[in-house]
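Structure first, commentary second.
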Amino acid sequence: MNLVIDIGNSTIKAGIAKTRLIKNSVKVNFYGKEKFSKDLEIFLKSFTVKNKVREFESAGVSLVDFKLRKDCRRIIKNYSVTEPLFISPEINLPIKIKYSRTLGSDRICSAVAADSRFTGKNILVIDFGTATTYNIISKSTYKGGIISPGIKTALNSLITNTALPYPEKTGIYKLISRDTSSAISSGVFLGVKYTTEGIIKTLKNKYNNLTVIATGGISDSIKNLIKGINYFEKHLVLEGIVMILEHNKNCTKIKKNIK
């Protein structure tokens, strides 16, 4: 069994996988970077106890903040037979990357998973998280994309930098609102709606038969809001980690056979 962990900007997700299928996935919101080691240790201890697994064959990690890698490696080694594999552009990948080495591991993983579903096709992966990222994969090559503030990030920034109140209800989509709370919520969500729909429309003119996949923690909030999205995949990053783990195992086996 493989342990797959996605450590984003504000959340930790983990799952158990033997093949592509992710089992018993768990998510914890808003870990503290100042006490990251403690939060990760508590999370993994609870996760392994709940699933009655003490040690995994291997572990794959998507880690956004590389400053946390040392602590992350030390803790995860306690739960894995082998050294954890950290996803990055430098390791063996089943797709090509046309991007600088700054490409985030979460974007790599979601691209790998998306390409495995629609191999060789034109794909747009939109990840609605702390940041919203738009990623183009074409002919099994990551071409690039853009990064914008996530829905909650934009909302929190607006409230923090103004005297406006936090909206009583979020997820309200009125173009003409008659109270401040609704106006704020509508402004943030409709801003994401029209931006995303515009990007999808523009890219569909550039890439034939473009398949659009949405993922990320906030994707559930916009399922019925944004037009043009073909699929919603909750565990795209975790699936990508599994595939990259298996790809690297196969590459190691090939090298051993060659020797």
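The values are calculated or read from the model by the stated rules, or taken from the named source; none is laboratory data. Keep in mind that what you see is a predicted model, and the values were worked out from it rather than measured. No Cβ is skipped: glycine too gets one built from the backbone with ideal geometry, and neighbour counts run over all protein chains shown.
Of the numbered criteria (1) in contact with a Lys or Arg (Cβ under 9 Å, 6 or more places away or on another chain); (2) at pLDDT below 90, the one residue 115 fails is (2).
The sole residue among 180, 252, 202 that is β-branched (Val, Ile, Thr) and at pLDDT below 95 is 252. Residues in segment 142-189 that are part of a loop (DSSP other than H, G, I, E, B) and among the aromatic types (Phe, Trp, Tyr) were compared, and the one that is farthest from residue 109 (Cα to Cα) is 166.
Which count do you get for residues in segment 118-129 that are without any contact (Cβ under 8 Å) to a residue 24 or more places away in the chain and either β-branched (Val, Ile, Thr) or assigned to a helix (DSSP H, G or I) (or both)? So the count comes out to 1.
In the set (1) touching a Cys at 6+ places or on another chain (Cβ under 7 Å); (2) not in a strand (DSSP E or B), residue 82 fails one condition alone, (1). For segment 1-19, taking the residues that are more than 16 Å from residue 53 (Cβ to Cβ) and β-branched (Val, Ile, Thr), the one that is modelled with the highest pLDDT is identified as 7. Out of 103, 93, one residue alone is in contact with a Pro (Cβ under 7 Å, 6 or more places away or on another chain) and in a loop (DSSP other than H, G, I, E, B). It is 103.
Residues being in a helix (DSSP H, G or I), under 15 Å from residue 134 (Cβ atoms) and over 12 Å from the mean Cα position of the chain (by Cα): count how many of those fall in segment 206-235. Summing the residues that are in a helix (DSSP H, G or I), under 15 Å from residue 134 (Cβ atoms) and over 12 Å from the mean Cα position of the chain (by Cα) in segment 206-235 gives 2. Residues in segment 77-90 that are modelled with pLDDT under 95, under 19 Å from residue 251 (Cα atoms) and surrounded by 18 or more Cβ atoms within 10 Å (Cβ to Cβ): there are none.
Annotation note: of 31, 99, the sole residue that is at pLDDT 95 or above and of a type in the set (Phe, Trp, Tyr) is 99.
Scanning segment 204-245 for residues that are in contact with a Phe, Trp or Tyr (Cβ under 6 Å, 6 or more places away or on another chain), under 22 Å from residue 61 (Cα atoms) and surrounded by fewer than 20 Cβ atoms within 10 Å (Cβ to Cβ) yields one hit, 218.
Working carefully through the options 57, 90, 41, 83, find the one that is among the acidic types (Asp, Glu), in contact with a Leu (Cβ under 9 Å, 6 or more places away or on another chain) and at negative phi. From the options 57, 90, 41, 83, the qualifying one is 57. Among residues that are over 30 Å from residue 121 (Cβ atoms) and either outside the structural domain of residue 12 (by TED's automatic domain parsing) or hydrophobic (A, V, I, L, M, F, W, C) (or both), residue 192 is not included. The listed residues are 49, 64, 4, and the only one of them that is exposed (fewer than 13 other Cβ atoms within 10 Å of the Cβ) and either in contact (Cβ under 8 Å) with a residue 24 or more places away in the chain or of a type in the set (A, V, I, L, M, F, W, C) (or both) turns out to be 49. Taken together, 101, 74 contain a single residue that is farther than 26 Å from residue 27 by Cα and either hydrophobic (A, V, I, L, M, F, W, C) or surrounded by fewer than 16 Cβ atoms within 10 Å (Cβ to Cβ) (or both), which is 101. Is it the case that segment 152-167 has a residue that's within 30 Å of residue 96 (Cβ to Cβ) and hydrophobic (A, V, I, L, M, F, W, C)? No, the conditions are met nowhere in segment 152-167.
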